[in-house]
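K.L.:
Have a look at this one.
Just so it is clear, none of the values below were taken in a lab; they were calculated from the coordinates. Quantities reported herein were computed from a predicted structural model and do not represent experimental measurements. For neighbour counting, all protein chains shown are included, and Cβ atoms are generated from backbone atoms with ideal geometry for every residue, glycine included.
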Amino acid sequence: MSQKTKNRWTTMRTEETRKVEKVLRKSFPNTDAYRYNSASIRVRITDPRFEGKSVAERDKMVEPILEQLPQETQADIMNLLTLYPNETAESSKAFLANSEFEDPSPSML
């Protein structure tokens, strides 16, 4: 009998990161966020509109929405991962970034 285990990052969600998800999901339904440590929030958005766009172009799409969040929350978003579907299969850089999101390394804080 196999037992499905929760990803560790899902246990790192907070009320604050749930608000981040709620705000972003209005425009980007496939959004996840968690607090990595006391000074850092990680956000992952997967959307087909990111395909063919640079990281800067992707950030430009997301930044106006992030500006709706409190300044303190915005300041804590240290990792914004914007992917298109299947990008992790096509890019080793995206694969590594997504792997770190899925299984966060221990924080030094």
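K.L.:
Give me THR10, THR82 sorted ascending by neighbouring Cβ count inside 10 Å, so fewest comes first.
P.N.:
Fewest-to-most Cβ neighbours within 10 Å comes out as THR10, THR82.
K.L.:
If you plug each phi of the range 77-86 into the Karplus form 6.51 cos²θ - 1.76 cosθ + 1.60 with θ = phi - 60°, what whole-Hz ³J(HN,Hα) values come out, in order, with x for Gly and Pro?
P.N.:
With coefficients 6.51, -1.76 and 1.60, one gets 6, 9, 9, 10, 9, 10, 10, 9, x, 6 Hz.
K.L.:
Run through the DSSP bridge list for the chain and note the antiparallel percent, rounded to the nearest 5.
P.N.:
50
K.L.:
Hey, another quick one. Hey, what number do you get for the chain at 222 nm if only DSSP H runs of n ≥ 4 count, each worth -39500 (n - 2.57), divided across all residues, to the nearest 500?
P.N.:
Helices in the chain give a 222 nm mean residue ellipticity of -11500 deg cm²/dmol.
K.L.:
Starting from the exponent 0.38 and prefactor 2.2 Å, build the expected Rg for the chain from its residue count and divide its actual Cα Rg by it.
P.N.:
Against the compact-globule rule of thumb, the ratio is 1.07.
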